[in-house]
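Trainee: What follows is a single structure, and I will ask about it in a moment.
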Amino acid sequence: GPALAVQAPAFLPQPASDIIDSIEAPSLLDSILWMAAPKKRRTIEVNRCRRRNPNKLIKVKRNIDVCPECGNLKQKHVLCGYCYAKVKAETRMIRMEIHKNEGGPFNAPTVETVVLYDGEKPTEKDEGKRIIERARKRPSWFVQN
Amino acid sequence: LCCFLAGSSWVCGLLGWARPERWLASGSLFPLSCIHTSSSLQKFGKWEKKNRIVYPPQLPGEPRRPAEVYHCRREIKYSNDKMWYLAKLIKGMSIDEALAQLEFNDKKGAKVIKEVLLEAQEMAVRNHNVEFKSNLHIAESLTGRGRYVKRIRYHGKGMFGIMKITRCHYFVKLVEGPPPPPEPPRTGFDQAKEYVQQLRSRTLVNTL
């Protein structure tokens, strides 16, 4: 009767506080247990379906053409590799000549430069310009001005 | 085969655990030394031997058998899986197309495969009686797993992993003639026709 009615509310606050305490501090071990991990080994059939899916295969390029100058292959939006390499080599030789002409760093003159090949004379347009001689025939792609 | 093999690297693969040159003392005679050991050049695998088969002469009425060239490169330092994508790209193309695609591909294996194709083309023209070097197409292009080596990869905190240094082989078969037309993809209509055909060809078992 009245004895039971008195005892019941005395126990209520304790289990509530226990629940709050247990939620407040989840231990490190609990958070590790929630991490994602594979449940089963992926079979080779599943692996093959993923690896050989058309979006993973290499796509065939349709933008390859033939360079009209040298005949090598080139991509449409890119300079021809062979022509670029040959121009690069010639530029390097011209720069070596300039280096010999100047002799040291910070000696670049304030006038323009003209490159002349074998058997070419400076015209009246090239009056005040610095002249760099190259000991070979003029390459067909280097237009004279 | 119990012939004593004297160590080229490809050969040591077969009996990696056994080192016959260490068993014999330095002064003793080499037994069975008269047998032609496989240390000259390298051991020929099955793909290299395919170039040696000779067909009997063809009868006058038969259609002309197209020329075939087999070529391969062994122990390329590249992954088998990654090389497979390049091999799949090239399958069934003509040789010019294949060389164009490989030239503008950025993968490491593309350079290797291009060299192999050029070598094979050269071999075909010189030794295998192929008239035009552009008239070849790639009938088969395969990759194989080479010999792997295990090494330790050091991580932080004293942890380590075992890494595999992978190598692969690449095999190619060039056949003379234009490339075969690609087969049309299977439509739903074809599948339905086949299904109906299957249903119609059913018979009653164990009856008259």
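Trainee: If a residue has to be of a type in the set (A, V, I, L, M) and closer than 30 Å to residue B:165 by Cα to count, how many in segment B:101-138 make the cut?
Mentor: Final tally of qualifying residues: 9.
Trainee: What residue, of A:88, A:74, A:61, is under 30 Å from residue B:110 (Cα atoms), assigned to a loop (DSSP other than H, G, I, E, B) and of a type in the set (D, E, K, R)?
Mentor: A:61 is the lone residue from the list that is under 30 Å from residue B:110 (Cα atoms), assigned to a loop (DSSP other than H, G, I, E, B) and of a type in the set (D, E, K, R).
Trainee: What residue, of B:29, B:14, B:5, is modelled with pLDDT under 55, surrounded by 14 or more Cβ atoms within 10 Å (Cβ to Cβ) and part of a loop (DSSP other than H, G, I, E, B)?
Mentor: None of the others qualify; the one that does is B:5.
Trainee: Same structure, new question: May I ask you to say which residue of A:46, A:87 is closer than 23 Å to residue B:86 by Cα and at pLDDT 95 or above?
Mentor: The conditions single out A:46.
Trainee: Name the pairs whose Cβ atoms lie under 9 Å apart, with the first residue in segment B:135-148 and more than 16 Å from residue B:47 (Cβ to Cβ), the second among the basic types (Lys, Arg) and in a strand (DSSP E or B), and 6 or more positions between them or separate chains?
Mentor: B:148/B:164
Trainee: Oh, and also: What residue, of B:140, B:97, is surrounded by 13 or more Cβ atoms within 10 Å (Cβ to Cβ), within 14 Å of chain A (Cβ to nearest Cβ) and under 27 Å from residue A:73 (Cα atoms)?
Mentor: The unique qualifying residue is B:97.
Trainee: Moving to a separate point now. Which ones in segment B:45-87 are within 14 Å of another protein chain (Cβ to nearest Cβ) and either closer than 16 Å to residue B:177 by Cβ or surrounded by 15 or more Cβ atoms within 10 Å (Cβ to Cβ) (or both)?
Mentor: Passing the criteria: B:79, B:80, B:83, B:84, B:85, B:86, B:87.
Trainee: Report, by residue number, each residue of segment B:100-114 that is basic (Lys, Arg) and more than 9 Å from chain A (Cβ to nearest Cβ).
Mentor: Across segment B:100-114, the qualifying residues are B:108, B:111, B:114.
Trainee: Could you run through segment B:104-124 and say how many residues are crowded, with 16+ Cβ neighbours inside 10 Å and either among the hydrophobic types (A, V, I, L, M, F, W, C) or under 24 Å from residue B:178 (Cα atoms) (or both)?
Mentor: Looking only at that region, the number is 11.
Trainee: Cβ contacts < 7 Å: first residue closer than 29 Å to residue B:109 by Cα, restricted to segment B:154-168; second residue surrounded by 10 or more Cβ atoms within 10 Å (Cβ to Cβ) and among the small types (Gly, Ala, Ser), any location; separation 6+ or different chain. Result?
Mentor: What qualifies is B:166/B:79; B:167/B:146; B:168/B:79; B:168/B:144; B:168/B:146.
Trainee: Then there's this: Test residue A:76 against the stated conditions and say whether it is closer than 19 Å to residue B:98 by Cα, loosely packed, with under 12 Cβ neighbours inside 10 Å and modelled with pLDDT of 95 or more.
Mentor: Details: closer than 19 Å to residue B:98 by Cα: yes; loosely packed, with under 12 Cβ neighbours inside 10 Å: yes; modelled with pLDDT of 95 or more: yes.
Against the criterion (closer than 19 Å to residue B:98 by Cα, loosely packed, with under 12 Cβ neighbours inside 10 Å and modelled with pLDDT of 95 or more), residue A:76 qualifies.
Trainee: Report, ordered by the first and then the second residue, all pairs with beta carbons closer than 6 Å, sequence separation of six or more or different chains, a first member in segment A:41-66 that is within 12 Å of another protein chain (Cβ to nearest Cβ) and surrounded by 11 or more Cβ atoms within 10 Å (Cβ to Cβ), and a second member that is among the aliphatic types (A, V, I, L, M) and outside any loop (DSSP other than H, G, I, E, B).
Mentor: Going by the 6 Å Cβ cut-off, the qualifying pairs are A:58/B:89; A:64/A:73; A:64/B:100.
Trainee: Now for a different question. Restricting the search to segment A:91-126, which residues are assigned to a helix (DSSP H, G or I) and in contact with a Lys or Arg (Cβ under 9 Å, 6 or more places away or on another chain)?
Mentor: A:93, A:94, A:97, A:98, A:101
The values are calculated or read from the model by the stated rules, or taken from the named source; none is laboratory data. Please read these numbers as outputs of a predicted model, since none were measured by experiment. Quick reminder, even Gly has a Cβ in these numbers, built from the backbone with ideal geometry, and neighbours come from all protein chains shown.
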